[in-house]
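The values are calculated or read from the model by the stated rules, or taken from the named source; none is laboratory data. Given the structure is predicted, the values throughout are model-derived calculations rather than measurements. Neighbour counts run over all protein chains shown; Cβ positions are idealised from the backbone, glycine included. Ligands, DNA and RNA are stripped out before the accessible areas are found, and what is left, the full protein with its side chains, is counted by its heavy atoms. Shrake-Rupley method; radii C 1.70, N 1.55, O 1.52, S 1.80 Å.
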Amino acid sequence: MRFWLRNEEMALEEMVQRLNAVSRHTDEIMHQDIVPLCAADIQEQLKRRFAYLSGGRGQDGSPVITFPDYPAFSEIPDKEFQSVMTYLTSIPSLQDAGIGFILVIDRRQDKWTSVKASVLRIAASFPANLQLVLVLRPTGFFQRTLSEIAFKFNRDDFKMKVPVIMLSSVPELHGYIDKSQLTEDLGGTLDYCHSRWLCHRTAIESFALMVKQTAQMLQSFGTELAETELPNDVQSTSSVLSTHTEKKDKAKEDLQLAQKEGQRLLESLREPLAESTAHSVNQDQLDSQATVQRLLAQLNETEAAFHEFWAKHQQKLEQCLQLRHFEQGFREVKATLDTASQKIATFTDIGNSLAHVEHLLRSLASFEEKSSVAVERARALAQQGQQLIENKHYAVDSIHPKCEELQHLCHQFATEIGSRRALLSKSQELHRLLETSMKWCDEGIYLLASQPVDKCQSQDGAEAALQEIEKFLETGEENKIQELSKIYKEYETILNPDLLDHVQKVFQKQESMQEMFHRRQASLKKLAAKQTRPVQPVAPRPEALTKSPCPSPGSWRGSENSGPEGSALRRGPYRRAKSEMSENRQGRDSSTGDEEEGLAILRRHVMNELLDTERAYVEELLSVLEGYAAEMENPLMTHLISTGLHNKKDVLFGNMEEIYHFHNRVFLRELERCTDCPELVGRCFLERMEDFQIYEKYCQNKPRSESLWRQCSTCPFFQECQKKLDHKLSLDSYLLKPVQRITKYQLLLKEMLKYSRNCEGAEDLQEALSSILGILKAVNDSMHLIAITGYDGNLSDLGKLLMQGSFSVWTDHKKGHTKVKELARFKPMQRHLFLHEKAVLFCKKREENGEGYEKAPSYSYKQSLNMTAVGITENVKGDAKKFEIWYNAREEVYIVQAPTPEIKAAWVNEIRKVLTSQLQACREASQHRTLEQSHSLPLPAPSSTSPSGGNSRHVKKLEERKTDPLSLEGYVSSSLPKPPEKGKGWSKTSHSLEVPEDEGGWSSAEEPINSSDAEEDGGVGPKKLVPGKYTVVLDDEKGGPDTLAMRSGDVVEVVEEGAEGLW
């Protein structure tokens, strides 16, 4: 660095010296060092032309200055006269001026007195050497005579350093100066134009000044550049380099303008000769051309001096910029590699299964691939630093240590990755061995479980089973763990407590399985070796044994006296039977144990599939989030993203990140805890069932995501990301993964439940399956719900969506036109019904044209019915798939036909539940109001033989009457939220009766408050009330004096209703 600064100081010093020389030479060329006077300073005096330098020369090369006839010569101020004389004498070269000047004074038209004064004045103030003074005296007779006489008598007055010659005529002048060196007014042929001469002189001096100023400007600029401090960052260095380059270009433009000006001036001086080759050029013109050429040479020298300095200064700035780029890249790469090394240090997990280890290896490979960009950049940066050193960069002392550090970081990163990969490879090898052993054990247990016990009882069956077992055991050499101590020694570097425990469990399982095989072998060998024993003739006492299960002591004694042979013969069959019974019981126990072990194996298979697919699912979500979603915010990928994708990441990916974090951080870990007890996995689902609601949000956003994907699927951004991830499928396939995953769980739970019927967690599995199916139904319902269009209210105000489906609907309205009613009975409408807790919505299904989710139907809202005014008739004559939904005392009747009787039954049951819950709410509110009444109407108790029992149960007990004092109209309107007007939400408030408090209670078909089991007979008029006990819920005091007044809360018993509606 110091070496470079020294070089720059030397370059600046050299440039300054050269430019100072240019300025000095310019002054010398223009004689500014002797006479600092310019034509522009005395331009007005020169224009008077009382003296001029025509360019003529004497015989010895003396410059000729002519004083033409100028009547006002005596009036010229001395200062101005002196300035003109000084300037004119400074123009010729020093060599010519050293010879001396010849003055030609033309006074032919003047008086002698004036001639005398002029000569004396010139002689007194002439600033240079004089060689000769030639005076053309007056031509008039009197003045010529006078001048001759006066000159003789006053000769002493004209005594000068040079002789003064009085000439009478021009021809005499030609004797001293050749005609070619005299202007036309003196009888010569010299071409001279005073105005042109003045213009040229002004231009030459202006150009000389320009050359001098240019040299001075470049000198100042060079000093400024050299004194500029080098910045410490890339941006500032680039800015300084750009600023200095701009200034250099401006200075170069000024230099080029000066050069062009000099060339134009030189061409102007050469113009007379170019116009006519016969034209003679005087010495002054030649001197002027030489002056301009010398000035141009000085200008070129100025340019060369500055160019050399700028080259060195520019090299310094460019090397400085290279150094700043190198330092910035070094900082970035070092930070990236340090972060990568820190992240590698956190990779301490060696995996708890083969799939987990393979996942960790893939993650490590993915991390290495992502980090390879930084590693390659570090290596390229180190190579770039070496190139700077080879190019003799001024900051070698700073670059070299950084190059060595970059190489060290790359080597360290590769070493850490290699060490980590070696550990995971070891772990993979061990887990593969463990899984192979476990698989061998499972296959062995499955083999034991699959051997039928009944067939093994025969000798041939036992031998065949024995051969199967022996053949299987032969495969153990390559599948099972041979020596536990070798495992400990070989995998010592990765055996943490959990893995060590796992190895011991697998080995223990292997030992247990082998022990089972050995027991089975022993049992089968006995069965295979068992021979049929001959029956020996004996004389037992079958009658005694048959008649008395407890023989008498005498009989036992008799048997004892029969001798040892008889005793042995009697005991032989008994012991053999006992042995066979014991073997059969052991076989049954073994069969049951083997069957249970087989189910355990199947449960583990399902659990392994659940875990493997869960890990793959988490990994796929991570690849999408890192490879697509994160890249949308990468500045390097912005140019590939189309305008339609800007700020649309949330639309395209929905809440996928939330789903990933739930599965990766919570659910997967909880599933892994159930590896040894797969039957308990249902509890994991139940505990996290609320978290699975996030899938509803994702599925609701899926149509928007599909639409956006179709618009932008050809975007280069997606193709580039897919290429980087090496995905065989495009992004839309991965966006479908969450939908596929939530539907996959119920299949896995069904499989697990099938193999866990008698296990501890069977109830949890069943409940988890039901809950997952409920979530799937809720997701499906919500997808349909968001497709409703035209509904002005808020769907959330209608309560929970209970059911939805498509039906054929006929309408029958009291107030409608007759023909319309008849037409409606025969022409069904296709409607999609949405049953909520507070209303049922009728919509028209519209199929959309398109692909994917855009092809999903939409639902155009038509009308809605408030559930507080709804009743149902469960059975409609002639069709088991139909039921009625009627509204406002059957003012509006909707005959609904379901696709199947099962769907109809499900809908009727759900509507009945809603109406029953409303009834219960009404009862509780009515009882609460009854307790608050301060007085009540005493009525006789109902008879136990009330006609309300028996057949009355099959008659409708409720009828809507608007004028009925027992109506719930006033109560319902105050206890339930007021619905919107019909057409905008719900319809009018219902008019329904309280259920009579019958001693026999309600049947299942009579329970809903607006339920009716009667078939449609065409009549819609009012029907009589069924005798029974009723509770008054609305005050009625509008009757006459003979009318019984009733208040809300009173209990009355209707005995009979007359023909005119009187009770």
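Overview of values
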item	result
Order by protection proxy (mean Cβ within 10 Å, highest first), peptides 693-699, 881-887, 792-798	881-887, 693-699, 792-798
Vicinal HN-Hα couplings computed from phi for the range 693-706 (Karplus, 6.51 cos²θ - 1.76 cosθ + 1.60; Hz; Gly/Pro x)	5, 5, 5, 5, 5, 5, 5, 5, 7, 4, x, 5, 5, 4
Pairs from 79/212; 702/737; 845/913; 370/702 whose Cα-Cα separation, in the structure shown, is over 23 Å	79/212; 845/913; 370/702
The range 244-258 - phi-based ³J(HN,Hα) in whole Hz, Karplus 6.51/-1.76/1.60, Gly and Pro as x	5, 5, 4, 5, 4, 4, 5, 4, 5, 4, 4, 5, 5, 4, 4
Packing rank of 659-668, 678-687, 467-476, where each peptide gets the mean count of other beta carbons within 10 Å, highest leading	678-687, 659-668, 467-476
Amide proton proximity set for residue 802, modelled H, under 5 Å, gap of 5+	835, 836, 837
Amide hydrogen neighbours beyond the local backbone of residue 167, cut-off 5 Å, H modeled	135, 136, 137
Segments 860-871, 624-635 sorted - mean Cβ within 10 Å per residue, highest first	860-871, 624-635
Loop-located trypsin sites (Lys or Arg not before Pro) in the range 748-788, at most 11 other Cβ atoms within 10 Å (DSSP)	757
Loop-resident sites, the range 392-452, for trypsin sites (Lys or Arg not before Pro), counting at most 16 other Cβ within 10 Å (DSSP)	392
Per residue accessible area of the range 403-455, 1.4 Å probe, in Å²	48
Note, ³J(HN,Hα) from phi for the range 348-365, Karplus 6.51, -1.76, 1.60, rounded to Hz, x at Gly and Pro	9, 6, 10, x, 10, 7, 5, 5, 5, 5, 5, 5, 5, 5, 5, 5, 5, 5
Residue 862 long-range amide H proximity, modeled H, under 5 Å	842, 843, 844
